[in-house]
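The values are calculated or read from the model by the stated rules, or taken from the named source; none is laboratory data. This one's a predicted model, so the numbers in the text were calculated from it and none came from an experiment. Quick reminder, even Gly has a Cβ in these numbers, built from the backbone with ideal geometry, and neighbours come from all protein chains shown. Heads up: the accessible areas ignore ligands, DNA and RNA and are worked out on the full protein's heavy atoms, side chains in. Shrake-Rupley method; radii C 1.70, N 1.55, O 1.52, S 1.80 Å.
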Amino acid sequence: MTQSLDRVRTAARLRKKDRFTALFHHINVDTLRAAFFALRRRAAPGVDGMTWQDYEEDLEPRLADLHKRVQRGTYRPQPSRRTYIPKADGKQRPLAIAALEDKIVQGATVIVLNAIYEGDFCGFSYGFRPAEDHMMRWTRSAQRSRRGR
């Protein structure tokens, strides 16, 4: 987490009614790098055919170029590759596989938005949370139920 995102997190915690309208500059090379390393290394390539290992080979120049395109407004996400996964009932569930750079930009956006909204979650909030899994949430819920809360 960068110092600037720490300041955003602190401001969000202290001034709950404030609106954050200028967050774009927080998507920088460091945030993009953190988002890249948070990706699954064995994920299927998207329409661009790029794998995590391919992108890592020239990581710093690629991230610098991606950052320039994002900041200039010339970055355009690519269409996702559509795949269908069979379900138990015989139907198929659609699955969209994004291009690697799209996943990186999406992850960087999540990092910035989490700095703001993570402070709003209560300990009993059960939506997706970083560093939490369903078993941890279920265990805490069961413990509260036994205590009568």
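Here are the numbers for this structure:
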| quantity | calculated |
| --- | --- |
| Close pairs from segment 1-19: first touching a residue at least 12 places away in the same chain (Cβ under 8 Å) and over 15 Å from residue 30 (Cβ atoms), partner surrounded by 15 or more Cβ atoms within 10 Å (Cβ to Cβ) and of a type in the set (Val, Ile, Thr), Cβ under 6 Å, at least 6 apart | 12/116 |
| Set 20, 37, 24: member being aromatic (Phe, Trp, Tyr), more than 17 Å from the chain's Cα centre (by Cα), under 26 Å from residue 116 (Cβ atoms) and open to solvent by 50 Å² or more (accessible area, probe 1.4 Å) | 20 |
| Sole exception among (1) modelled with pLDDT of 95 or more; (2) assigned to a strand (DSSP E or B) for residue 36, by number | (2) |
| Qualifying residues in segment 40-55 (those that are of a type outside the set (A, V, I, L, M) and surrounded by fewer than 13 Cβ atoms within 10 Å (Cβ to Cβ)) - the one nearest to residue 103 (Cα to Cα) | 40 |
| Given (1) without any contact (Cβ under 8 Å) to a residue 12 or more places away in the chain; (2) open to solvent by 60 Å² or more (accessible area, probe 1.4 Å), index of the condition residue 73 fails | (2) |
